[in-house]
Amino acid sequence: MIAITLGSGLGQLADEIRADKIIDYSEIDSSLKSTVEGHKGRIVVGELDGIRIAAMQGRIHYYEGYSMQQVVKPFKYMKDELGVDKLILTNAAGGINESFSGGDLMIIRDHISSFVPSPLIGVDLTAETGARFHDMTKVYDEEFSAIIRDEAEKLGRDIKEGVYIQTSGPNFETPAEIKAFRTLGADAVGMSTAVEAMYAHALGIRVCGVSCISNLAAGMSGEPLSHEEVQKIADMTGEFFRTLMRNVIASLKALDIKE
Ligand code: HPA
């Protein structure tokens, strides 16, 4: 089954699913509830355009005070209980690459998660995956990323591609941090996603990711950053982003039929 994690601007997609099952994160683990405004905390399972999917409406963030092990709990649940084997991660992110503009979409080609703890610390997946040390050479599936690029092109839209760096949040970055991250090779920055991708990949789930560039990162526009601005731009991009994701889901489903 295909799962999609709905970041800022995409939450509405969950309302378009003909749901037959709704799982609150608190049902997966009683310690979990999502606390950020505009983010719900649940998995909606049902049909979208005739395809059965699981959609995470809201995610668990490290900055809410959860451990990284708690942050990734819904992904283990989706694999074990729902049979999820393909995952689309979406988010809103600050653009670090100087050629990006607010409202752009970026396919995540790779990530830097070295500034936050690994969700695999203290979690031994050897029995399930056969590995104690997990390879991260290709976290983001190239076939899936090519599908996203093709579907964007079919809609006549340009799509960027780049490296996502995860910070802990909840503070936005300083201009000096953004300059440093650019030197490290990051194109976009956000407070989620990389650890989710890493964990899902370790579990053997095929992963892809798309960021909505909701703002230029700190120090790049001269404007202060706010959650309201991030939400506003993410919402403005929402319609194209939702259409793109529906088409990508259909193409990922078609892979199953081909196999
Ligand atoms: N920094 C970190 N996270 C974000 C940003 C940002 O500029 N925009 C949206 N999420």
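Only the coordinates and a few stated rules stand behind these numbers; no lab work does. Note that the structure is predicted; figures quoted are calculated from it, not measured. Positions of Cβ are backbone-derived with ideal geometry, glycine not excepted, and every protein chain shown enters the neighbour counts.
Just checking the listed ones, Glu143, Glu81, Glu239: in the Gaussian network model of the chain with Cα springs under 10 Å, the one fluctuating most is Glu81.
Helical content of the chain, expressed as a calculated mean residue ellipticity at 222 nm, amounts to -10000 deg cm²/dmol (DSSP H runs of 4 or more residues, -39,500 (n - 2.57) each, divided by residue number, nearest 500).
Looking at the square roots a ≥ b ≥ c of the eigenvalues of the Cα gyration tensor of the stretch 170-258, which shape do they give, rounded for a/c under 1.5, prolate if a/b is larger than b/c, or oblate? The shape class here is oblate.
Using the Cβ atoms and a cut-off under 13 Å, what net charge is assigned to the surroundings of Leu225, where Lys and Arg are +1 and Asp and Glu are -1? Within the 13 Å Cβ shell, the charges total -4. Label zone of Arg149 (point 7 Å out along Cα→Cβ, amide N under 20 Å): in the stretch 228-259 this covers 241, 244-255. Annotation for the stretch 100-139: chymotrypsin sites (Phe, Trp or Tyr not before Pro) lying in DSSP loop with at most 12 further Cβ atoms inside 10 Å of their Cβ are Phe133.
For the pairs Lys33/Lys86; Lys40/Lys73; Lys21/Lys79; Lys73/Lys232; Lys179/Lys232, note any where the Cα-Cα span goes beyond 18 Å. Those over the limit are Lys33/Lys86; Lys73/Lys232; Lys179/Lys232.
A straight chain from Ser99 to Phe133 at 0.36 nm per residue would run longer than the Cα-Cα distance by 8.6 nm. Per residue, the convex hull spanned by the alpha carbons of the stretch 1-158 comes to 148 Å³. Taking amide H as placed 1.01 Å from N in the peptide plane, Gly7 has its amide H under 5 Å from the amide H of Thr90, Asn91, each at least 5 places away in sequence or on another chain.
For the stretch 142-216, the equivalent ellipsoid derived from the alpha-carbon gyration tensor has semi-axes of 24, 18, 10 Å in decreasing order.
The string of couplings for the stretch 234-242 from the Karplus curve (6.51, -1.76, 1.60, θ = phi - 60°) is 4, 5, 5, 7, x, 5, 5, 4, 5 Hz, one whole number per residue in order, with x for Gly and Pro.
Taken along the Cα-to-beta-carbon direction at a fixed 7 Å, the label points for Ile121 and Gln12 span 3.9 nm.
Near Ile28: Cβ cut-off under 9 Å, other residues only, Lys/Arg at +1 and Asp/Glu at -1. The net charge is -2. With 0.36 nm allotted per residue and the present C-alpha distance subtracted, the Asp85-Ser30 stretch has 17.3 nm of extension available.
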